Amino acid sequence: MFADRVLSGMRPTGGLHLGHYHGVLKNWVEMQQEFQCLFFVADWHALTTHYDTPQIIEQSVWDMVVDWLAAGVDPARATLFIQSRVPEHAELHLLLSMITPLGWLERVPTYKDQQEKLSEKDLSTYGFLGYPLLQSADILIYRATQVPVGEDQVPHIEFTREIARRFNHIYGREPGFEEKAEAAVKKLGSKKAKLYSELRTRYLERGDDEALQSAKSLLDEQQSLSMGNRERLFGYLEGGGKMILSEPQAMLTAASKMPGLDGQKMSKSYNNTIGLREDEASVTRKIRTMPTDPARVRRTDAGNPDKCPVWQLHQVYSNADTKEWVQKGCRSAGIGCIECKQPVIQAVLDEQKPMRERAQQYLDDPTLVRNIISDGCEKARKLAAETMRDVREAMGLSYS
Ligand code: TRP
Ligand code: SF4
């Protein structure tokens, strides 16, 4: 339960491209080998900005899941689901909203940034302001320990940690907490109970972080503790109340420098993308017609790769020999641009080939994708329900 759990979400706002692959999906595929992973389609998040074009979201949801599967996300390893099919996210969002100071939301940097960036849309909505809190609910409901995100999302994770702390502080105090915690200590058995108490004292009296870490690992290893006692012991360690919601860590993914067809960062808004599963003819045509160093007007004019977007793609896709061939050939007019582009075309097609192949079975039989998502939603709901039980109880809502 307290082992690492990774959670990440993606907004369904159009088909994915190779920038998503290099920036996010490759990373997900690696993480699923190592951690318990939950990946979800953030359809409610998409509505916070695209509330007036729901058709796009609906179509993108399924395309995006196929893209994930094509990229190698493995439903046997990772749990894939759709946010709106786990309505517990909305319940937690609502409950957390009761304790969320407005100022905290207004200070989240993406709030003003996005409003300015998307100035053609009216984003002075309640949903848009609350969107970081919805993200907090997404994370906290699974007690995720690691959240892989890009740099721009780090403030959202920090915000989430503050919300978790505030929640635990307000609701983590149960009547008789000390006595219950002491009783839970005894359940560890005399040796471990003694060790736990020593480590706790060392941390509380001397701020010894190593002692805190050792005590946490000691608790991590206790399989037979009940959930309630486990939470009490984690909370008791740090002198607070019961730890109901746990604080996640941001797992910063190295910013992808995937260049687009024009040398700017690959992005739908620059109209310079290559789709993840775009067909071969179209990929070939796009790269063939890419701009090159404008100084190479004629085949006999020498060029400079530093002024050419094709060179940037060579840096992603080519080995040392090919790169040297480009450098020499371009600067001496020894090779032509079409010739130079050929290895890039080939490398992109080679990268996409297994993706297109993996996608085919899902395109042939869409029920496969529906089933993967149904299974994933069911698993996610079970996990979410556990947290919600504790949250409702802590907030005095577990009527029976
Ligand atoms: N806000 C993220 C984005 O715009 C998507 C997202 C929603 C998310 N909920 C999340 C990412 C939870 C990580 C964890 O990219
Ligand atoms: Fe660009 Fe290659 Fe042409 Fe040089 S030879 S300008 S690097 S495409």
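The values are calculated or read from the model by the stated rules, or taken from the named source; none is laboratory data. All figures in this text were calculated on a predicted structure; none of them were measured in a lab. FYI the Cβ positions are ideal-geometry reconstructions off the backbone, even for glycines, and counts take in every protein chain you see. Heavy atoms of the whole protein, side chains included, go into the accessibility calculation; ligands, DNA and RNA do not. Shrake-Rupley method; radii C 1.70, N 1.55, O 1.52, S 1.80 Å.
Where only protein heavy atoms count, and the probe is 1.4 Å, what is the accessible area per residue for region 1-42 in Å²? Could you put the intermediate results ahead of the total?
Numbers: 1450 Å² over 42 residues.
Using a 1.4 Å probe on heavy atoms only, each residue of region 1-42 averages 35 Å².
By per-residue mean of other Cβ atoms within 10 Å, what is the highest-first order of 373-379, 96-102? Present the calculation step by step, with values, prior to reporting the outcome.
Values: 373-379: 17.0, 96-102: 14.1.
Most protected by this proxy first, the peptides run 373-379, 96-102.
For the chain, which whole-number percentage of the solvent-accessible area (1.4 Å probe, protein heavy atoms only) is attributable to carbon and sulfur atoms? Numbers along the way, then the final one.
Values: 9980 of 19790 Å².
Taking all protein chains in place, the chain shows 50 percent carbon and sulfur surface.
Which ³J(HN,Hα) values in Hz, rounded to whole numbers, follow from the phi angles of region 263-273 under the Karplus curve 6.51 cos²θ - 1.76 cosθ + 1.60, where θ = phi - 60° and Gly and Pro get x?
x, 6, 4, 5, 7, 4, 6, 8, 6, 10, 9
Just to be sure I follow: if Rg is taken over the C-alpha atoms of region 68-184 and Rh is the Kirkwood radius over the same atoms, what is Rg/Rh? Write down the numbers at each step before the final one.
Working: Rg = 17.4 Å, Rh = 16.6 Å.
Reported Rg/Rh (Cα atoms, Kirkwood Rh): 1.05.
How far apart, in nm, are the 7 Å Cα→Cβ label points at S226 and A385?
Result: 2.0 nm between the two label points.
What lysines sit close enough to K26 to cross-link, taking a C-alpha to C-alpha distance under 16 Å and skipping anything fewer than 8 places away on the same chain?
In chain and number order, the partners are K257, K353.
What Rg and what Dmax come out for region 228-267 when only alpha-carbon atoms are used, in angstroms?
In order Rg, Dmax, the Cα atoms of region 228-267 give 21.0, 57 Å.
Between K186 and L102, what is the FRET efficiency for a Förster distance of 45 Å, r being their Cβ-Cβ separation, to the nearest 0.05? Before the final figure, lay out each step's value.
Numbers: r = 44 Å, r/R0 = 0.98.
So the FRET efficiency works out to roughly 0.55.
Aspartates and glutamates within cross-link reach of K265: Cα-Cα under 16 Å, excluding same-chain residues under 8 positions apart?
E151, D152, D306
Based on the alpha-carbon set only, what is the convex hull volume of region 206-327 divided per residue, in Å³? Could you put the intermediate results ahead of the total?
Numbers: hull volume 30.8 nm³, N = 122.
Residue-normalised Cα hull volume stands at 253 Å³.
Calculated from DSSP H runs of 4 or more alone, at -39500 (n - 2.57) each and per residue, what is the 222 nm mean residue ellipticity of the chain, nearest 500?
Values: 18 runs with 229 residues, N = 400.
Per the formula, -18000 deg cm²/dmol.
Starting from the 7 Å offset along Cα-to-Cβ, what nm value, one decimal, do you get for the label separation of D365 and D152?
Roughly 3.9 nm, to one decimal.
Mind checking which lysines have their C-alpha under 19 Å from K194, skipping anything on the same chain fewer than 8 residues away?
K180, K186, K216
Could you grab the Rg to Rh ratio for region 277-364? Cα atoms only, Kirkwood for Rh. Mind showing how you got there, number by number?
On the way: Rg = 14.8 Å, Rh = 13.8 Å.
A ratio of 1.07.
What's the local net charge at L123, with K and R +1, D and E -1, over the other residues with C-beta under 15 Å away? Could the numbers behind the result be given before it?
Working: positive: R11, K112, K117, K121; negative: D52, E106, D113, E116, E120, D122.
Net charge in that neighbourhood comes out at -2.
In nm, to one decimal, how far is the modelled label at A333 from the one at D262, with both set 7 Å along Cα→Cβ?
Between A333 and D262, the label points sit 2.9 nm apart.
With the Cα gyration tensor of region 253-400 in hand, give its eigenvalues times 5 under a square root as the equivalent ellipsoid semi-axes, listed largest first in whole angstrom. It would help to have the intermediate numbers written out before the result.
On the way: eigenvalues 464, 74, 30 Å².
With the √(5λ) rule applied to region 253-400, the semi-axes are 48, 19, 12 Å.
Fully extended, how many nm does the chain gain between K112 and N319 (0.36 nm per residue separation, minus their Cα-Cα distance)?
Working: separation 207, 0.36 × 207 = 74.52 nm, distance 4.23 nm.
Difference between extended and current length: 70.3 nm.
For the chain, report the convex hull volume of the alpha-carbon atoms normalised per residue, in Å³, without decimals.
Values: hull volume 71.7 nm³, N = 400.
Dividing the Cα hull volume of the chain by its residues yields 179 Å³.
Semi-axes, largest first, in whole Å: what does sqrt of 5 times each Cα gyration tensor eigenvalue give for region 177-237?
The three semi-axes for region 177-237 are 17, 12, 11 Å.
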